[in-house]
Amino acid sequence: GEKAKALLPEITEPYYKITVLSGLAGLYIQSNAADSSYLDSAIVYAKKTLELAIEFGYFTKVNQLASNLADAYMLQGDFINALEYCKQSIAYRSYLFPGEVMISYLKFSDCYFGLKKYDLSIAYLDSARPVVLELHDPYYEMAFYDRVYSYNKEAGNYQAALTGLSDSDRQQLLA
């Protein structure tokens, strides 16, 4: 990371600068597990990269960067700023694969859940449902149905929460 930071002033080609800055932002987000102070660095690098990506038209990168910023703010418990970057991320949804769109909606849901705005949280889950059904991917299904269960349960929507459980888990609860 330090070598890459030292080389930044010498990099003039936008694509390479965006790639290096994005890598640094991601590295600092991943380093959060060891020290939460790294999130501030992640936010600084991701914001710089986001500005460059928009300026030079690397719109497929904008979602990833805005998503990284949302993650960093969520890890800090700052769901208001996280929502701003969720909005920026989804504004570029035409450049995304369906799974990326779904993850964006799940992040909206996570932010509203963190703010205890359960109706909005569940509404964004409902927006993700058609994509989950279309993808048939166990990873996305797990991420989606876990939230359906947890978020509805917390909101007191117990019947709706059951739809987030597997058939065997549902049978055990109802037995």
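Observations, loosely collected:
- Cα gyration tensor shape of the stretch 42-120, rounded if a/c is under 1.5, else prolate or oblate by comparing a/b with b/c: oblate
- Note on residue 8: accessible area approximately 20 square angstrom, rounded to 10, probe 1.4 Å, nucleic acids and ligands left out.
- When 144, 97 are compared by accessible area at a 1.4 angstrom probe, the order from most to least is 97, 144.
- When 19, 60, 12 are compared by accessible area at a 1.4 angstrom probe, the order from most to least is 12, 60, 19.
- Within the chain, helix-based [θ] at 222 nm, where runs of 4 or more DSSP H residues each add -39,500 (n - 2.57), nearest 500: -25000 deg cm²/dmol
- Solvent-accessible area assigned to carbon and sulfur over the chain amounts to 54 percent, based on a 1.4 Å probe.
- Extension gain from residue 60 to residue 136, taking 0.36 nm per residue of separation minus the Cα-Cα distance: 25.0 nm
- The figure for residue 90 is an accessible area of roughly 20 square angstrom, using a 1.4 Å probe on the protein chains alone.
- Pairs beyond 25 Å (Cα-Cα), from 61/117; 87/117; 61/116; 47/116; 48/116: 61/117; 61/116; 47/116; 48/116
- Accessible area, probe 1.4 Å, largest first, for residues 93, 129, 147: 93, 129, 147
- Only Cα pairs under 8 Å and 6+ residues apart enter the sum, and on that basis the relative contact order of the chain stands at 12 percent.
- Dimensionless Rg ratio for the chain, taking C-alpha atoms and the 2.2 N^0.38 Å reference: 1.16
- Solvent-accessible surface (1.4 Å probe) assigned to residue 120 amounts to roughly 80 Å².
The values are calculated or read from the model by the stated rules, or taken from the named source; none is laboratory data. Since the model is a prediction, treat every value here as computed from it, not as a measurement. For accessibility, only protein heavy atoms count, side chains too; no ligands or nucleic acids. Shrake-Rupley method; radii C 1.70, N 1.55, O 1.52, S 1.80 Å.
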